[in-house]
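Student: To start, I am sharing the structure in question, which I have written as structure tokens.
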Amino acid sequence: DSLTGLHNRHYMEEVLLKEFARAERGDYPISIILIDLDYLKDLNDVGGHATGDYALRSLATQLRACTRKGDTICRYGGDEFAIILPNTNAKDALARARELNQRMKALTLLFRGDNVLRITFTAGIATYPIHGKTSDEIFNFADVALYRAKLKGRNRVELFS
């Protein structure tokens, strides 16, 4: 992705196929965290698209700082990101997503002089094999968890159940 420097959706789909094949052979879990930047439209409306782009790049920077070498981070589209966490159970994925959420809440960014920008996100998590047996199922269930979290007020993390 040219804006964030993260992998794009096409690359993510390739990685998902390979990681799920490895997980099946190795009998280990994979968690997927889907992240949606909260209120990107509002950021764009108030500060222009440069502000929204800055928020996207800032979130991408934090995602890179909070992931392991074997994890894959992608900009899935617009204001959505996906993190593929091989060999990570649901409990650990939830803890990592909550830690990232707390890091973002604590972060105050100065943008264009002394304007303060705060960035929050909403996330949904699902884990193979407890939530599903295929990458499509896990991705869809992470998306369901994400939308449940949005319905509960945003700026939160939700594990699929």
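Every number in this text was worked out from the coordinates using simple rules, so none of it is lab data. Because the structure is a prediction, the values reported are computed rather than measured. FYI the Cβ positions are ideal-geometry reconstructions off the backbone, even for glycines, and counts take in every protein chain you see.
Student: Given Leu85, Cys66, Tyr28, which one lies farthest toward the positive end of the charge dipole of the range 24-161, if we put +1 on the Cβ of every Lys and Arg and -1 on the Cβ of every Asp and Glu?
Tutor: Positive-end residue among those listed: Cys66.
Student: Can I ask one more? What size of dipole, in debye to the nearest 20, comes out for the chain about its Cα centre when the only charges are +1 on Lys and Arg C-beta atoms and -1 on Asp and Glu C-beta atoms?
Tutor: Values: 23 positive and 21 negative charges, 99 e Å.
It comes to approximately 480 debye.
Student: What's the tally of Lys pairs in the range 1-108 whose alpha-carbon atoms lie under 22 angstrom apart, where the two lysines are 8 or more places apart or on different chains?
Tutor: 4
Student: Among the aspartates and glutamates, which fall within straight-line cross-link reach of Lys150, defined as a Cα-Cα distance under 17 Å, with same-chain neighbours fewer than 8 residues apart omitted?
Tutor: Of all the aspartates and glutamates, those that pass the test against Lys150 - Cα under 17 Å, at least 8 places apart if same chain - are Asp36, Asp38, Asp42, Asp79, Glu80, Glu158.
Student: Under the √(5λ) rule applied to the eigenvalues of the Cα gyration tensor, what semi-axes describe the equivalent ellipsoid of the chain? Give them in Å, descending.
Tutor: Working: eigenvalues 155, 50, 35 Å².
Its equivalent ellipsoid spans semi-axes of 28, 16, 13 Å.
Student: Shifting gears a bit: At 37 °C and 0.692 mPa s, what whole-number value in µm²/s does Stokes-Einstein give for the translational diffusion of the range 1-61, with Rh from the Kirkwood sum over Cα pairs?
Tutor: 237
Student: Right, next: With a cut-off of 8 Å between alpha carbons and a minimum separation of six or more residues, what is the relative contact order of the chain in percent? Intermediate values should be presented prior to the final figure.
Tutor: Working: 283 pairs, mean separation 45.4, N = 161.
For the chain, the relative contact order is 28 percent.
Student: Let me spell out the model: positive unit charges on the Cβ of Lys and Arg, negative unit charges on the Cβ of Asp and Glu, origin at the Cα centre of the range 75-161. What dipole size does that give, in debye rounded to 20? Don't jump to the answer; show the numbers that get you there.
Tutor: On the way: 14 positive and 9 negative charges, 73 e Å.
Roughly 360 debye for the range 75-161.
Student: Still on this structure, I have one more. Loop only by DSSP, 15 or fewer other Cβ within 10 Å of the Cβ. Give me the trypsin sites (Lys or Arg not before Pro) in the range 33-139 that pass, ordered by residue number.
Tutor: Details: sites: Lys41, Arg57, Arg64, Arg68, Lys69, Arg75, Lys91, Arg96, Arg98, Arg103, Lys105, Arg112, Arg118, Lys133; in loops: Arg68, Lys69, Arg112, Arg118, Lys133.
Taking the range 33-139 and a limit of 15 other Cβ atoms within 10 Å, the loop trypsin sites (Lys or Arg not before Pro) found are Arg68, Lys69, Arg112, Arg118, Lys133.
Student: Tabulate in residue order the Karplus-calculated ³J(HN,Hα) for the range 17-27, using 6.51 cos²θ - 1.76 cosθ + 1.60 with θ = phi - 60°, rounded to whole Hz; enter x for Gly and Pro.
Tutor: Karplus values, whole Hz, x for Gly and Pro: 4, 5, 5, 5, 5, 5, 5, 5, 5, x, 6.
Student: Right, something else. Measure off 7 Å from each Cα along the Cα-to-Cβ vector at Glu137 and Ala21, then give the distance between these two points in nanometres to one decimal.
Tutor: Going from the Glu137 label point to the Ala21 one covers 2.0 nm.
Student: May I pose another question? Per residue of the range 52-57, what does 6.51 cos²θ - 1.76 cosθ + 1.60 with θ = phi - 60° give for ³J(HN,Hα)? Whole Hz please, x for Gly and Pro, Karplus curve as stated.
Tutor: Result, rounded to whole Hz: x, 4, 4, 5, 4, 5.
Student: Stretch Asp1-Arg148 to full length: gain in nm at 0.36 nm per residue minus the Cα-Cα span?
Tutor: On the way: separation 147, 0.36 × 147 = 52.92 nm, distance 2.73 nm.
Working it through step by step, the gained length comes to 50.2 nm.
Student: What angle, in degrees between 0 and 90 and rounded to the nearest 10, separates the Cα long axis of helix 90-106 from the longest principal axis of the Cα atoms of the chain?
Tutor: 10
Student: For a test of the definition: using alpha carbon positions, the gyration tensor, and the 1.5 limit on a/c, classify the range 34-94 as rounded, prolate or oblate. Before the final figure, lay out each step's value.
Tutor: Numbers: a/c = 3.01, a/b = 2.36, b/c = 1.28.
The shape class here is prolate.
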